[in-house]
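A short worksheet on the structure shown next.
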Amino acid sequence: MALRRSPSSTCADTWTNGAGFVRVATALSESSSIQSDALYHLTKDMSGMGLEPMSYSILESKPCKEEPRAEESQSLLQVVGSASSPQGGREGLYFSDGRRKVDYVLVFHQRRPSSIRSLASASVSHDRLSIVSNGNFPSVGTDPAVGRGGGIAGGQPASVGEVFMELGGPAGNEPADHEIHLIRQEFEANLLEAGLEIERDRELKSPSFTRLHAPWPVLCREAEFLKIKVPTKTSYELKEESGFGSSVSSFWRKLNHPFQPKVHQEQGRTKFLSHCFSRDKLHQYNIKCKDTFFDNATRARIVYEILRRTVCVRTCQTIGISTLIAKGVYDSAFPLHDGDYKVIGHLEERSDRQLLHEEWARYSAFYKYQPIDLVRKYFGEKIGLYFAWLGVYTQLLIPASIVGITVFGYGVATVDTNIPSQEMCDESLNFTMCPLCDGACDFWHLSSACGTARASHLFDNPATVFFAVFMSLWAVLFLEQWKRRQISLSFSWDLTGIEEDEEHPRPKYETILLQKRQRKQKSKKKKKKNEPEKQEDGTVTGKDRWRQKLLSAMAAGIPATIEKLTWKDRLPGYFINVSSILFMFGLTFSAVFGVIVYRITVSALMAMSTDPETKSNVRVTVTATAVIINLVVILILDEIYGSVAMWLTELEIPKTETDYEERLILKAFLLKFMNAYAPIFYVAFFKGRFAGRPGNYMYVFNDHRMEECAPGGCLIELCIQLSIIMLGKQLIQNNIFEIGIPKLKKLVRAMKNKGSAEKEREDERPPQQWKLDYALTPFDGLTPEYMEMIIQFGFVSLFVASFPLAPLFALLNNVIEIRLDAKKFVTELRRPVAVRAKDIGVWYNILSGMGKFSVIINAFVIAFTSDFIPRLVYQYMFSQTGTMHGFIDHTLSYFNVSNFKPGTAPQNSALGDISVCRYKDYREPPWSPNAYTFSKQYWCVLAARLAFVILFQNLVMFLSLVVAWVIPDVPKTIVEQLKQEKKLLVDVFLREEKEKLQLIQSLFSKDQGQGLPFPGRFNTLPSGPTQGLPRARSRAASFSQFTRKIPPSPRNENENSRHTAV
């Protein structure tokens, strides 16, 4: 059974009461809502004319009687049975006829009949007055059932420009069930007007699936409108290298052959010219089959563009499928995957999804390159660029990992010959250190920290400086390499010269704008109501006022100004944003401070223990447990901050999705950056800096001393902090958040739908693809994927001087992460709409900023956190032999135990009578006239540290500029190919124009031979004899005027929807 759509403008609207009025052309504003104050006040005046209030259910026009026409056979709303025909099976990717592809699916839930309000339940006070904006009054004898839930086929589909308004009802409520049904009918009718074909099951189930198909004329029209680039018949051979370069390239290809995925390469050394699609140039495209000329991703993108600009203005004031989903009219909308991802049958018949699963989304393929071209073909350019960026980042982690392992190996090889470590471990030197806490702690020997000193040398050695410089240059190299790769992909994917797609406002923006407009209308209404009526000559009052307002509404046309939200409308959101972000910063710092208090308290409690083993493991135990607590807090706050960032972004009311995404990225990055790196910043730059000295310590809550760095320095603690947070964050996020939680949700959903699934399995075998895809998780964007990698990039670049093995662990994580994300996209997520993108957007700016910031951070880590600068200063300024002998004694100051404050000195020390103890600092001894003040060595070391920071930054910045200058952004081969393509395209178009001119001249000569002037727009020659006069040049015509028939425009096309026809 098929329902034919009714025409929307073939005959005049007729109502049973006989009252006819001229249709009012209402204009759509920026948010596609009504801009007619005159109509609003018109209803008020009509209510006083004796007209009875009209119920919602009788707002149906009388259908126009006309016979169906044959050319409408492709615009049918088909209603088919739940069981597909044998021909239409084909894995559920086609309509019931088995020929037309399902390009998009709309899902909605059927409402229970009891939830639909009947005519009797609709009170008169609720439906005070309802009108249709064309000025006609609805019929009185319409069936309520038809009015409430009737199909589109029975009446007129709402045309664009006809606005249904219900005035006097409660404002701000969600659409009722019957309203949702009417909105859905109008929306699908407008989709039919746009040329799409719709199919729906005959049986009413929940959820219900509406399948959409775009025929060839619609695809051509929209491809031209969207300026989609397609390959032409013209091709050229790519230039091959010769000589030594050719041999190296050939050897490299053979070496990489085992690592290449087994996917079909669309082009080898031959490249076809691409050009924006045009219906006038169909003869230039290599169209072998109309059904496969546009791939499935492109077809879905075209249908999505129609969906997002199709308006619903008669039943509601919305535009696009996103707004309808937000209003609850539809549950979801998505394109279909290319069948099942499991290979069934011959390997040669694998679909793109099966190829991606076999060659990309399997952990066993970890050693292979990614099939980026196939990823882009299936998922679109935006997702393809993400995986290409992730691949470049992972590849460049290989040399960074090798250098990091080398630096770590150097530390392992030289730990036994390191003089400062040997001095700390030498018990004969007998360095007696001051107590670590007040009262309960005893004096201790420096040799007890031998293990910490040896471990510190593994990461704090002269090679660390080289590694810090290398990683700073590596960050610049990575960005330059990605720019080259991005431009190469843009060229091969035909993204050069594309224009930004026009974006429609977000549903939230439209809603707020509509509320603002309604407030203005109410204020105007109150203002006019309070004004006294003026009884002057020529003034129309009383019941005749509605005629004047109707005429003013007809003359209104387009509004004078397009309304939009201003900064005043967003001011409350901005205020909440700033205060909330400051609160989140305070929460992060409070968490860090809480862990500091924990470390101080536990250290004091463990120092009071009588167990000697517990006392000896105080520092290791406290450090390990504190880092684990930090990790747990970071993971919890990370999830909280992600939700808070989304909420804060919504409060700003961004207009478009791009604006929303950029604001969300900046907020989420700012919050998560502070959350992840605040504990690391504390250990690197603040711990031990403000602890004070013996006899004058700084206290927390007047009871506990501020903690100090370990005897080997704070760098080893920074290394422990960084390694545990980095590894724990990656392992827990990958295994629990990205694998465990989705599988748990899938299991719960399967158990919940177990009964209904078994029943459907009995009724329908095999299940249709749209039902399988609906059970998958919706795609929520790439922000979480990028954010995870950006935070990891910070671990690799910012504090890499303290942990040279960070690139290695990042490499191992990314090898798994690529396959994990690939598996998620192929098997667990609904297929996203293919989105064009020339670059990775704001993420590149964040990467560039972090790369520059890493230079400063690494400079300060080496200068102030490590002992590299103090060693250099001692060796070249204070050492008697020019070696590192005596360095430990040089860094330790003296303290007279008699200067302890009362109650802070150790009682009954196990080391006997101690008169002087040592502590790590550069201060004058107690026998000096300036006791306990900073010594000359302190100021020398501080000056050297500041000089190193300045030298390091300038050196690295200069080398970064050199690297960026040496490596061009655009590869030389791409420049040559762009020039060659431009030349070939010019030749092709010149040849076509020459053929057009020859055809026009032949038509001229033929008409002049018959003695008739050339008709039409090309009759540019003067009448009369033309001998001896220069011939006027004729205007070039479109070749399609002489070679193809122009298809008739769609029937019943109104003015406001004509933008879909090019």
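Worth pointing out:
- Diffusion coefficient of the stretch 905-964 by Stokes-Einstein, Kirkwood radius over Cα pairs, 20 °C, 1.002 mPa s: 138 µm²/s.
- Cα-based Rg of the stretch 816-961 normalised by 2.2 N^0.38 Å, two decimals: 1.82
- Accessible area expressed per residue, the stretch 897-985, with surrounding protein chains retained (probe 1.4 Å, Å²): 65 Å²
- Across Lys342/Lys972; Lys281/Lys1006; Lys327/Lys524; Lys327/Lys667, pairs whose alpha-carbon gap is larger than 32 Å: Lys342/Lys972
- The share of C-alpha pairs in the stretch 388-504 whose separation exceeds 18 Å stands at 69 percent.
- Distance between the 7 Å Cα→Cβ label points at Val986 and Leu605: 8.1 nm.
- Calculated FRET efficiency for the pair Leu776/Leu204, C-beta based, R₀ 30 Å, to 0.05: 0.80
- One chain, two ends: Lys262 and Val578. Fully extended at 0.36 nm per residue, the span grows by 108.6 nm beyond their Cα-Cα distance.
- With contacts taken as Cα pairs under 8 Å and at least 6 residues apart, the stretch 369-451 reaches a relative contact order of 17 percent.
- Of all accessible heavy-atom area on the stretch 322-368, the percent that carbon and sulfur account for (1.4 Å): 49 percent
- Candidate lysines for bridging to Lys852, where Cα separation is under 17 Å - those fewer than 8 sequence places away on the same chain excluded: Lys483
- Applying 0.36 nm per residue to the separation of Lys979 and Lys516 and subtracting their alpha-carbon distance, the gain on full extension is 161.5 nm.
- Annotation: extensible slack from Phe685 through Lys852 equals 58.3 nm (criterion: 0.36 nm per residue apart, minus Cα-Cα distance).
- Anchor Lys936: lysines whose Cα lies under 25 Å away (excluding residues fewer than 8 positions away in-chain): Lys687, Lys920
- Estimated FRET transfer efficiency when R0 is 22 angstrom, pair Glu662-Phe589 (beta carbons, to 0.05): 0.25
- Among the listed pairs Lys227/Lys838; Lys262/Lys377; Lys290/Lys382; Lys262/Lys368; Lys771/Lys824, those with a Cα-Cα distance over 21 Å are Lys290/Lys382.
The values are calculated or read from the model by the stated rules, or taken from the named source; none is laboratory data. Treat the numbers as computed from the prediction; the structure is a model and nothing was measured. As a convention, Cβ positions derive from the backbone with ideal geometry for all residues, glycine included, and neighbour counts pool all protein chains shown. Remember, those area values only see protein heavy atoms, side chains included, never the ligands or the DNA or RNA. Shrake-Rupley method; radii C 1.70, N 1.55, O 1.52, S 1.80 Å.
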